[in-house]
Every structure is written in structure tokens, then in C-alpha cells.
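Here you go, one structure.
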Amino acid sequence: MLGVQLTELRAAEPAGAAAALDLAAGLDDALGDGLARLGAERLAALTDLAGAFAATPLGPALAEAVEKIAAGSVTDEHLATLAGARTALFGAVHDAGLAALDTALGRARAEWAGPATAEPAAAGPLAGCRSWLRELAIAGWRGVGRDLVSAVDQTVEALLADPAHRRLAVLVDGLAAELRAASPVAALESLPARRWADLWSRALLLAQGGGPPADAEPVSGRLLILGADAHEHGTAVQVQVHAVLEPAGGAPPRLVRTAVGAGKVDTITGPAVWRLLQHHPKLLTALAERRALEITELPLLPGGDLLWDEERATAAEPVDPFATARVLLPRAVAAPVPPLDRHPVLIAEPVLIEGYRSDGTTLELDGATLEIDPRRLPACGPLTPQLVRSSTACVGLLRREGDRWLLQPLALQATVKRKPVEAHSGDWALGVTDPKIAKAEARAGDPVTVLRERAGRLLRK
């Protein structure tokens, strides 16, 4: 990525994005106060939201939902309509930002061809989840207490029991954990209104349970890893691997992702999280040893996500991720974005940037600057702000936050004490390679082993 591309990207601010986000903010503020206590200002915001959709297919349903809510009738159907409208607003902002990014990078992107129809809302644990989300909307964030937060615990357990609902379970569990940690919410000076509304609306749409399953395409070929992005909260960890797929048969290379995850407790952090993923040895070996993988008939979803299966992968030769980024990334075809993932904060596009100067928080290239996102440097890997400061080449993810573009490093080439150094986010997948960190870990003990031993003793009793 060159300085001129950075300049073009920063100059291409989507028209109408601010107005769309203002409409969403009106709904977010109403959720803060609670739909049972709509004042004139909050009701006007919902009316403006309905007016903005008047000429769209969602218009009549949204107008009815706002009218009924104003009259004191809050149903699951009305809330799903509100969540759908909010998601559509952020989807439009996402699409404009991603189009600007693709134009600046010259990146080709396939068109979405996944399912577009929906089924009636499902019953069972999903109905319990919708009921809890409805109570949150009625009470408002400032009306949330510990009893309301705890009311979802049994629902989360039921959702976790079904693999098809675990995505929703982790999302709802995370929202409940944040509300519990912030209680009493009414005492907070300010609310993370957009974040909680993001989680609420996404959970509500997932809890509908509708839509046919996406058809997976079996793919074979060589998987060349660019880097790994670790996501974790108190009860779960997921490692998402970004890669380029060279399909068998000579088709154009494709940008893909694959992810593996595990449940955890909040005392397991840092490099220890890799030990929760040891049942994926081939993927972890490819990360730690920077190897390619030969995959055979691995399912690929329309949004570019490979459903990882160790039995369908074989470790291949070592491959330099920077060489992959230089040679294949410019001509790799990006996957389309699934409807529910069309949100600016979910933009995470792999890029290669070389020849820059950095102060650890920003990088400068040909007069253009780009901010580094230090919060996303993984605690489970060797990347540090000091290494960013001394780096001159980076494979990373371009992300969107508000009206800014941020870079999340996945791999760095740097000069430390006049020696070339290369570090990748997945280098510690098979164990810490930094002697100082390894020594500190040895003194602290292995929390995963300790917890497994304690769990085993409890089960034997």
C-alpha cells in the first residue's frame, strides 16, 4: 500500500454517512432511556428514523412499529423492525466505506450470492432470548439492574447446548457481562450507547433464527497465511486466521478467513489462550512455523469463511507471509460481506504497507499518515508498541472506527539493535519463543493445566 493510496482512502469520506449515523444515534438514545419512557425528543428521533425509510420496503413496517411503541405496545416484531432499520443504516455506511477501500487498493470483490429470505421467528431458547432483549429495550440501559441481567443466564446455557446457536450465546453472554460489570448502570456518567445498541440489535436479529443455511462451497488448494487476529472476552476466545487461497486448478487467488475457538474463564489470558486450542494442531503449527497448508474439500461459506477441519488439511512447506502479501494480495479476489456483517466496525481488510516511518502510534508514508490501533496488539503474541515503532514493513488489517481508518498489525519487519527482526501474531501458537516471557510464564504457572486438574478432581468427587 502506497502513500497515494492512503491519501485517496482518507479523502473518500462517504457522503451521507454522518446523517445515517445521526439517525441511528436517535434510536440508541431511546434505548438508553427505555422504550417505556419515550419523551418528546426520543419519540421525534424514532419518527425521523421511520421517515427516512418511508420510500423503502421497510417503510410501512417501521412506521407501524414506531406508532405502536409510542402507544405503549412493544412486541418482538416491532423491535426486530427497529433492529433491522438500524442495521440497514450501518450497512449503508459500511458499504460506502468498503467501496472506498476497494477503490483505493484496486481490490476486486465478488458479489453476494448467499440466502436472502427469512423464516418466521423460531421458538425455544431463541424465544427466551428475544424476551430478555425486549425487557432490556423496555427498561432501557439506565433501568437495568442485576436481576434483569441475571435473568438471561439459563437462556445462555440453553443456547450454548446447541452448536447452531453458540454464536448468539457468546454475543448475549458478552452483553450481559458488560451490563453486570457496569451495574448500577444508572450511576454511570455516560453510556457506551452505540456499542450496547450494536450488540442488542445484532443479537435480536440472530435470535429470529430465520433464513435458510448458507450453502458452503467445497474448495481445495494451497492456503497461505497472512496473520492471525485473536478475539477474546471473559468466557470465550477465538483466533481468526486471514489467508490467501490458491485454488486447485489455477483459478484466481481468493482472500479467505478461518477461525477456531474455545470456551474459557477470565483468568486465562495472554499466551495461555493458545493452550485452549491444542485440538487444532495443524493450524497452530502452520501459524507458529509460518507454513502453507494444503486443504482438500474444505467448506467455504459465501462470506469468505472456511469451516476449519483438521482432517482436510496437511502442513506444507514454509512460506513467508510478506512474500505472500507482495505477490498474491494485490490480485486476490475479496469475498462479499454477509448481510448481518455489514457494519463499519467489522471491516478488517488485509493490506501490506512498506517503507514507512512510525512513532509507535502512527505511521507516515509519502506524506500520508495512518493511525495504529494499539488496543488490538494481541497479548498472546510478540507484537508490541516498541516493535511497531522500529518497524518499516507491516502486514495488517485496515479497520474503520468512527470517521477514521486504523491499522491493526498482524506481522512486522523491524530493525532492533541493528539486527533485522520479524514477528507475527501467531508465533507463540505452539509456545512462547521469547525467553523472558517464557520464564515469567513458568514462574506464574500454567492456569489451563491447573484448572483442568481442579475440574478433574471435582468430577471424580
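Give me the distance in nm between label points sitting 7 Å out from Cα along the Cα-to-Cβ direction at Thr384 and Lys439, one decimal.
1.3 nm
Counting only DSSP beta bridges with both residues in the chain, what percent are antiparallel, rounded to the nearest 5?
Given both bridge residues lie in the chain, the antiparallel proportion sits at roughly 90 percent.
Based on the alpha-carbon gyration tensor of the stretch 277-320 and its eigenvalue square roots a ≥ b ≥ c, which shape applies: rounded if a/c is under 1.5, prolate if not and a/b is larger than b/c, or oblate?
The shape class here is prolate.
Right, something else. Based on the mean of other beta carbon atoms within 10 Å per residue, what is the order of 404-415, 13-24, most packed first?
Highest-to-lowest ranking by the protection proxy: 404-415, 13-24.
For mean projected area of the Cα convex hull in nm², the choices are (1) 20.3; (2) 24.1; (3) 28.1; which was calculated from the structure?
(2)
State which entries of Lys264/Lys417; Lys419/Lys439; Lys264/Lys419; Lys264/Lys436 exceed 32 angstrom in Cα-Cα distance in the structure shown.
Correct reply: Lys264/Lys417; Lys264/Lys419.
Related question: Using 0.36 nm per residue, how much length does the chain from Glu189 to Ala40 gain when fully extended, once their Cα-Cα distance is taken away?
51.4 nm
If exposed GluC sites (Glu not before Pro) are those in a DSSP loop with at most 14 other Cβ within 10 Å, what is the longest stretch of the chain that has none?
190-461
If you stretched the chain out fully between Ser220 and Ala12, how much longer would it get, using 0.36 nm times the residue separation minus the C-alpha to C-alpha distance?
Taking Ser220 through Ala12 to full extension adds about 71.2 nm, to one decimal.
Could you tell me whether the stretch 115-213 comes out rounded, prolate or oblate from its Cα gyration tensor? Rule is a ≥ b ≥ c as square roots of the eigenvalues, rounded for a/c under 1.5, then prolate if a/b exceeds b/c, otherwise oblate.
Prolate, because a/c is 1.5 or more and a/b exceeds b/c.
Each value in this text was obtained by applying a stated rule to the coordinates, not by laboratory testing. A quick note: this is a predicted structure, and the numbers were derived from the prediction, not measured. Cβ sites come from the backbone with ideal geometry, for glycine too, and all protein chains shown count toward neighbours.
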